[in-house]
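S.K.: Dropping the structure in here first, questions after.
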Amino acid sequence: MDSSLKRNERILIIDEQSLSQSYLRYALEQLNYQDITIADRPQLALNLCRDNQFDLVICSYNQGDGKDGYQLYEELKLSGLQKHTTGVIFISAETDPTLVHSVIELQPDEFLAKPFVIKDLQLRIERVLKRKEQLRTLYQLLDSGNHHAALQYIDEQLSNAAQRKWFPLLLKLKGDILLIQQQYADAEQFFKAMLAIQPFSWAKMGLVRCYLHLGKEAEAFGELESMLMRTDSRLFALDLLAELEFKQQRYQIAQQHLIDAADLAPRNLLRQQKLLHLSRLNHDYEIQYRAAKDMVKFARYSIFEQPDLYLNLARASIDFALSSEDEEQSSRLNRQASQSLQNLQKQFAKQDLNEQQQILKARILYLQDHKDKAKALLRDLKIDSPIASLEDALDKAKALHEVGLTEASQQLFEHISEHCIKQQADPMFSAFLAQEKTERKQMQQGPRELNNNAVQLYQRGHWEQAFEAFALAHQVMPKNAGIALNLWQTLLTSPRQLCSVQEKSRLLQQCLQIIEQANLKPEQKNRYEQLKLRLAENTMRSSVG
């Protein structure tokens, strides 16, 4: 190695495998880098980044037990330990598309798949370090938050023909800064000018953000539909389309966009949280459960691992179990709720979570048909205490309603609503709260009893009341095939008109779709076949007549 070519850049290698450490060190030394530090544990890497300023961080995804490389890099970014002046190369032997998409969302300077040769590493290191060195002044301004000076510097560089190589990056950074400064009108004109030159994906994304902030939703829709077709902008388009569809109260479409986005990059916990909120709005308890489960899975060992995640998984498990007719599935979800509480106690033993756990234990008892025991656990809970967590308060209100303490439940719902207005709560949560409050007020008993009560009303010939109860049960549990069959039967067999012709047609079609897709129990299947024969006979008579 020619000592005259020695490089002085400070490089941090984060990798727990000694063989990989050795290879990276050897490769860097062959490339004449000499200031090399190795961290074999994520916590050591965090401490080193806190105490030192590195020019380049090479972060491996595989970090052994505990925090993985993705979670480490995420923490470096969110804690401000990864500066604009520091380059990041993310390396991974795992190349599953969901991980790759998740990592790309964090925007490292480079992504390198293992195994690689020294030449591949050299190309990426030199590319990153050259960019950081050439634009160091700009990156320092961004690190200090001096965006006004950063814009001036960019404009100066853009007027310098010698910097032509960096024009695309400088222009992208200019757009980013205009958005950060909320100069949306100026940013809109800037992005349109860029797109007139070349269809840059970053310029299209920036333009859509401007449209959203300027209230130009139709224009945003137009751009996003075309961006769905491109792999480099699909994830962005799905997230923004979900936001737009939610504003239009098209909750099912919004949820599907978020499901597609979460399938692409499941590690984004903010996206999973939005999916959880939307699925509750749609009474889609299976997706709610999946989102809650994924949040616990991907937050484990990360800075996002909090008690709420385990509490919400227990809550989602109970909600899903209450809506399910499958006894085996319900039993499995029951165990999942109990396991979540055990994990909560294990992970956060020092935190005071007694009331939250008491409420969940009561809901589990209710799920197990021990309503009186559940009621005894909840009877003395205070409902007018200050709200520290909206999710905790909402779960308490649901639990009170389920065991029949409806007056206390409604008082708490009012209390939560007032708190949401004062605190300007998340729009998705607020929409769900309003819906839950209305539906619980309509139900005089918990969701489990609602269908049973409707069956009794039907058997006694109280057609209107039975229809209203079945319709409400179907609204609250839209994927429950048994309830769909009961509602279908009521509409077909009632001697009186129960709703408008249009509403009847809509409900019959909706129920039929659920029934056809379900794995019915023998009794349900026989009843369904008999009803189909009856419907066919009635249709034939009508056509003959």
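The values are calculated or read from the model by the stated rules, or taken from the named source; none is laboratory data. Please read these numbers as outputs of a predicted model, since none were measured by experiment. Here the Cβ is made from the backbone with ideal geometry for all residues, glycine too, and neighbour counts use every protein chain on show.
S.K.: Between residues in the range 50-70 that are more than 18 Å from Ser20 (Cβ to Cβ) and residues that are of a type in the set (Ser, Thr, Tyr) and surrounded by 15 or more Cβ atoms within 10 Å (Cβ to Cβ), which pairs lie under 9 Å by C-beta distance while being six or more apart or on different chains?
M.R.: Every condition considered, the pairs that remain are Asn52/Thr37; Gln53/Thr85; Gln53/Thr86; Phe54/Thr37; Phe54/Thr86; Asp55/Thr85; Asp55/Thr86.
S.K.: Tell me the residue from Leu377, Leu394 that is within 23 Å of Ser430 (Cα to Cα), assigned by TED's automatic domain parsing to the domain that holds Ala314 and either of a type in the set (S, T, N, Q) or crowded, with 17+ Cβ neighbours inside 10 Å (or both), please.
M.R.: Leu394
S.K.: Same structure, new question: Just for the range 128-142: of the residues that are out of contact with any helix residue (DSSP H, G or I) (no Cβ under 8 Å at 6 or more places or on another chain) and surrounded by 14 or more Cβ atoms within 10 Å (Cβ to Cβ), which one is nearest to Gln183 (Cα to Cα)? Before you say what the answer is, go through the steps one by one.
M.R.: As a first pass, look at the range 128-142 and keep what is out of contact with any helix residue (DSSP H, G or I) (no Cβ under 8 Å at 6 or more places or on another chain): 128-130, 133, 136, 140.
Adding the requirement that they be surrounded by 14 or more Cβ atoms within 10 Å (Cβ to Cβ) leaves 128-129, 140.
Values: Val128: 30, Leu129: 31, Gln140: 22 Å.
This residue is Gln140.
S.K.: Gln182 is checked against (1) more than 30 Å from Ser22 (Cα to Cα); (2) modelled with pLDDT of 95 or more; (3) in a helix (DSSP H, G or I) and fails just one. What number does that condition carry?
M.R.: Of everything listed in (1) more than 30 Å from Ser22 (Cα to Cα); (2) modelled with pLDDT of 95 or more; (3) in a helix (DSSP H, G or I), Gln182 misses just condition (3).
S.K.: Another one. Can you find, within the range 402-433, the residue that is surrounded by the most Cβ atoms within 10 Å (Cβ to Cβ) among those that are in contact with a Phe, Trp or Tyr (Cβ under 9 Å, 6 or more places away or on another chain) and over 30 Å from Gln248 (Cβ atoms)? Can you show your working first?
M.R.: Taking the range 402-433 and keeping what is in contact with a Phe, Trp or Tyr (Cβ under 9 Å, 6 or more places away or on another chain), we get 402-403, 420, 427-428, 431, 433.
In the following step, the residues that additionally are over 30 Å from Gln248 (Cβ atoms) were identified as 402-403.
Values: Glu402: 27, Val403: 25.
The qualifying residue surrounded by the most Cβ atoms within 10 Å (Cβ to Cβ) is Glu402.
Residue-by-condition table, conditions (1) modelled with pLDDT of 95 or more; (2) of a type in the set (A, V, I, L, M, F, W, C); (3) in contact with a Ser or Thr (Cβ under 9 Å, 6 or more places away or on another chain):
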position	(1), (2), (3)
Ala481	no, yes, no
Thr493	no, no, no
Arg496	no, no, no
Val501	no, yes, no
Leu508	no, yes, no
Ala518	no, yes, no
Tyr528	no, no, no
Leu531	no, yes, yes
Arg534	no, no, yes
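S.K.: Where residues in the range 294-305 are in contact (Cβ under 8 Å) with a residue 24 or more places away in the chain and out of contact with any Ser or Thr (no Cβ under 8 Å at 6 or more places or on another chain), which of them is surrounded by the fewest Cβ atoms within 10 Å (Cβ to Cβ)? Let's see the steps before the verdict.
M.R.: Our first condition is that a residue be in contact (Cβ under 8 Å) with a residue 24 or more places away in the chain; within the range 294-305, this holds for 294-296, 298-299, 301-305.
This time we only want the ones that are out of contact with any Ser or Thr (no Cβ under 8 Å at 6 or more places or on another chain), so: 294-295, 298-299, 301-302, 304-305.
Details: Asp294: 19, Met295: 26, Phe298: 21, Ala299: 19, Tyr301: 15, Ser302: 19, Phe304: 18, Glu305: 18.
Filtering first and then ranking leaves Tyr301.
S.K.: Can you tell which of Ala262, Ala203, Ala218, Ala242 is part of a helix (DSSP H, G or I), without any contact (Cβ under 8 Å) to a residue 40 or more places away in the chain, small (Gly, Ala, Ser) and closer than 17 Å to Ser102 by Cα?
M.R.: Exactly one residue qualifies, and that residue is Ala262.
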